[in-house]
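What follows is a short report on a single structure.
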Amino acid sequence: MRIQTERLVLRDFVIDDWLTVLAYQRDARYNRYYPDRWVDRSDDEVRAFVQRLIDGQHEKPRRLFQLAITLPETGEVIGNCGVRRKPDTEWEADIGYELNPECWGRGYATEVARTLIAFGFRELGLHRISAQCNADNVASVNVLQKVGMRLEGRIREHEHFQGRWWDSLDWGLLETEWAAAPDR
Ligand SMILES: CC(C)(COP(=O)(O)OP(=O)(O)OC[C@H]1O[C@@H](n2cnc3c(N)ncnc32)[C@H](O)[C@@H]1OP(=O)(O)O)[C@@H](O)C(=O)NCCC(=O)NCCS
């Protein structure tokens with residue numbers, strides 16, 4: 001599977017992508033809102049992580065659309081994003097995204113999230129798309145707001161890592177809201 005956005009290509013993962021994913025997932029900037037144990041993920045863990053994404057490509061019908069974010073000029077993998085159908089429903093999925101910190105601040109995550117939402121509503125026929133982020137993760141909050149997601153709730157002290165409690169935010173967007181939005 002391959003989706004061309006304005007500046008990026010989103011494509012299915014291949015196993016050789018694991019080294020590039022490992023390199024940015026070990027970056028301290030990337031790990032700021034993730035549990036401590038993520039920082040020292042082993043080669044085997046990251047290879048298994050990429051393999052799980054590849055396994056999802058063969059599920060029938062496919063439920064996990066987790067794609068490598070790449071630069072069209074060089075083919076370099078700069079991140080990971082996805083639309084994941086929720087278990088036991090045909091009408092809801094959630095989205096997620098992450099980028100190599102070297103590529104932050106260029107509007108890429110916003111471009112990717114818009115594309116995932118359009119894919120989910122147009123191609124998968126979803127009724128509702130949701131997302132969850134760490135409440136302190138301002139960059140992700142900004143992305144979700146910019147693409148029109150509505151804040152639906154705050155889960156207080158939802159996670160504990162790096163020696164403190166963290167709240168999470170729940171976001172949602174209905175197909176009708178997306179279809180009516182002028183800037184989608
Ligand atoms: C969240 C993440 C994907 C954002 O990627 P990005 O490509 O830098 O985001 P964008 O460039 O599309 O920025 C979106 C908006 O957030 C703002 N923003 C980006 N980083 C910010 C920061 N650290 N603080 C405040 N605002 C920030 C941008 O200015 C932009 O708003 P603007 O267009 O009004 O200027 C990236 O920070 C990341 O990969 N983080 C680690 C993984 C992660 O947290 N994933 C999300 C899990 S829910």
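The numbers here are math on the coordinates, done by the rules we state, and not lab data. This is a predicted model, so every value here is computed, not measured. We place every Cβ from the backbone using ideal geometry, glycine too, and count neighbours over all the protein chains shown.
If a paramagnetic tag sat 7 Å from the Cα of Glu102 along the Cα-Cβ line, which residues of region 6-37 would have the backbone N under 17 Å from that point? Residues 9, 17-31 fall inside that zone. Label separation (Arg47 vs Ala135): 4.1 nm, computed from points 7 Å beyond Cα along the C-beta direction. Rounded to the nearest 500, the helix-only mean residue ellipticity at 222 nm of the chain stands at -8500 deg cm²/dmol, with each DSSP H run of n ≥ 4 adding -39,500 (n - 2.57). Counted by Cβ distance under 14 Å from His160, the other residues give a net charge of -2, where Lys and Arg count +1 and Asp and Glu count -1. Between Ala109, Ala118, Ala48, the GNM of the chain built on Cα springs shorter than 10 angstrom shows Ala48 fluctuating the most.
By the count of other C-beta atoms within 10 Å, a proxy for reagent exposure, Glu98, Glu45, Glu157 are ordered fewest to most as Glu157, Glu45, Glu98. Across region 1-87, Cα pairs under 8 Å and at least six residues apart give a relative contact order of 32 percent. The convex hull drawn around the Cα atoms of region 2-128, when projected onto a plane and averaged over every direction, covers 8.0 nm². Within the shell defined by Cβ-Cβ distances under 12 Å, the residues around Arg2 carry a net charge of 0, with Lys and Arg each +1 and Asp and Glu each -1. Length available on full extension from Met1 to Phe161: 0.36 nm per residue minus the Cα-Cα distance, which gives 54.1 nm.
For Asp40 and Glu152, what is the calculated FRET efficiency with R₀ set at 35 Å and r taken between the beta-carbons, to the nearest 0.05? According to the calculation, E is roughly 0.55. In region 59-105, Cα pairs under 8 Å separated by at least six residues give a relative contact order of 30 percent.
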